[in-house]
Amino acid sequence: MIRGGIIQPRRSLAAFALATAPFWLYVAMVILFSVWAPKFLTCGNFLNIATQASSVGVVAIGMTFVLLTAGIDLSVGSMMFLAGTVAGTLVVGQGWPIPLALGAMLLTGLFGGVLNGLLVTRLRMAPFIVTLATLFVARGLGLWITETRAINLPDTFRQLATTELGGVRTPVFILLLVMVAAEAILRRTGYGRRLYAIGYDSEAARKGGVDVDRALIGAYALCGLSAAIGGMIALAQLAAVSPDLGQGRELAVIAAAVLGGTSLFGGRGTAFGSVLGALLIETVRNGLNLVDANPYIYPLVTGGII
């Protein structure tokens with residue numbers, strides 16, 4: 001195909017199929033479970049899937065920013081717990097108003113993300129090592145603050161998860177809002193284009209005038225902030241800060257981003273794709289539950305899809 005006097009190769013069918021694989025996987029799962037379970041294909045069930053996937057979806061969006069730079073953040077589950085611990089302690093122990101406690105929760109996640117970014121850029125440490133360390137540190141801090149005991153939150157906190165508008169619960173609106181904001185940053189701003197450039201070739205981006213360190217710190221900061229938002233949703237759904245809040249959640253988040261087409265090698269991925277990956281994981285879990293499958297095969301099926 002000739003465009004602008006330059007011969008360009010026609011995009012192959014295989015490349016198109018690979019790029020749209022997450023969407024077709026999701027469609028295939030919907031069709032499959034619709035046949036197996038008549039109750040699956042209902043509006044109420046799809047809203048339930050979106051609500052249950054909202055926490056992982058929000059954190060997966062933040063993870064996308066880091067993965068685009070060929071980095072990784074293993075601490076997101078522990079950051080969810082630490083931020084939730086801060087909010088729960090302030091509400092129950094100090095009597096803070098819930099809005100102020102939620103603000104402190106978001107600042108905790110943001111600070112944790114900035115710390116990760118500074119360690120990666122200033123000390124030139126591998127993101128895997130840095131975030132593996134902060135995974136343990138954040139979890140340990142949370143357990144120390146709570147003394148490994150659960151914090152039961154007031155019923156008003158649960159309204160964040162149960163309030164509905166047109167039959168759609170608040171967590172779904174939060175997920176959509178975060179996704180739209182993230183897509184706007186990645187597609188419409190110079191910062192988003194710089195993240196893609198760093199993921200493709202960080203040295204070339206640096207030589208091209210990109211402040212790589214600042215962009216990386218920003219990516220980890222957004223990831224930490226999204227972990228706090230995801231923790232806020234999970235906290236509202238549980239109405240309690242339990243010692244295992246967010247434990248292992250980083251694996252589900254990374255899986256959602258990868259299933260959504262985000263590359264672990266950087267330079268490719270979208271916020272929409274990561275949300276689709278989170279919905280795909282929850283759709284599989286929901287569908288297997290409706291067909292009364294053995295719960296032990298849930299991770300096997302998810303692993304097979306990945």
- request: Enumerate the amide H contacts of A240 below 5 Å, restricted to partners 5 or more residues apart or on another chain; note that Pro and chain-start residues carry no placed amide H.
  value: L153
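Quick check of the Kirkwood formula: for the stretch 139-298, what is the inverse mean of 1/r over all pairs of different Cα atoms, in Å?
Details: mean 1/r = 0.0552 Å⁻¹.
18.1 Å is the Kirkwood radius here.
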message: Let me make sure I get this right: for the stretch 99-206, a, b and c are the square roots of the gyration tensor eigenvalues over alpha carbons, sorted descending. Under 1.5 in a/c it's rounded, otherwise prolate if a/b > b/c, else oblate. Which is it?
response: oblate
- prompt: Per the helix-only calculation at 222 nm, which mean residue ellipticity applies to the chain, given -39500 (n - 2.57) for every DSSP H run of n ≥ 4 and division by its residues, nearest 500 deg cm²/dmol?
  reply: -23500 deg cm²/dmol
- request: Would you tell me the accessible area of Y26, worked out with a 1.4 angstrom probe on the heavy atoms of the protein chains, in Å² to the nearest 10?
  value: 40 Å²
field: For the stretch 249-292, radius of gyration divided by Kirkwood radius, i.e. Rg to Rh on alpha-carbons
entry: 1.08
message: If you count only protein heavy atoms and use a 1.4 Å probe, how large is the accessible surface of E164, to the nearest 10 Å²?
response: 100 Å²
field: Computed over the stretch 51-122, Kirkwood Rh from alpha-carbon pairs, angstrom
entry: 13.3 Å
task: Please report, as a whole percent, how much of the solvent-accessible surface of the stretch 200-294 comes from carbon and sulfur atoms (probe radius 1.4 Å).
output: 56 percent
statement: Over the stretch 63-189, with neighbouring protein chains present, the accessible area per residue in Å² at probe 1.4 Å is 49 Å²
Centre separation in Å (Cα based) which lies between the stretch 253-306 and the stretch 38-93: 13 Å
task: Please report how far the C-alpha centroid of the stretch 141-182 lies from that of the stretch 97-112, rounded to the nearest whole angstrom.
output: 12 Å
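Return the equivalent ellipsoid semi-axes of the chain as a descending list in whole Å, where each equals the square root of 5 times an eigenvalue of the C-alpha gyration tensor.
Taking √(5λ) for each Cα gyration eigenvalue gives 31, 28, 16 Å.
The values are calculated or read from the model by the stated rules, or taken from the named source; none is laboratory data. Small disclaimer: the values here were computed from a predicted structure and weren't measured. These area figures cover heavy atoms from the full protein model, side chains too; ligands, DNA and RNA do not enter into them. Shrake-Rupley method; radii C 1.70, N 1.55, O 1.52, S 1.80 Å.
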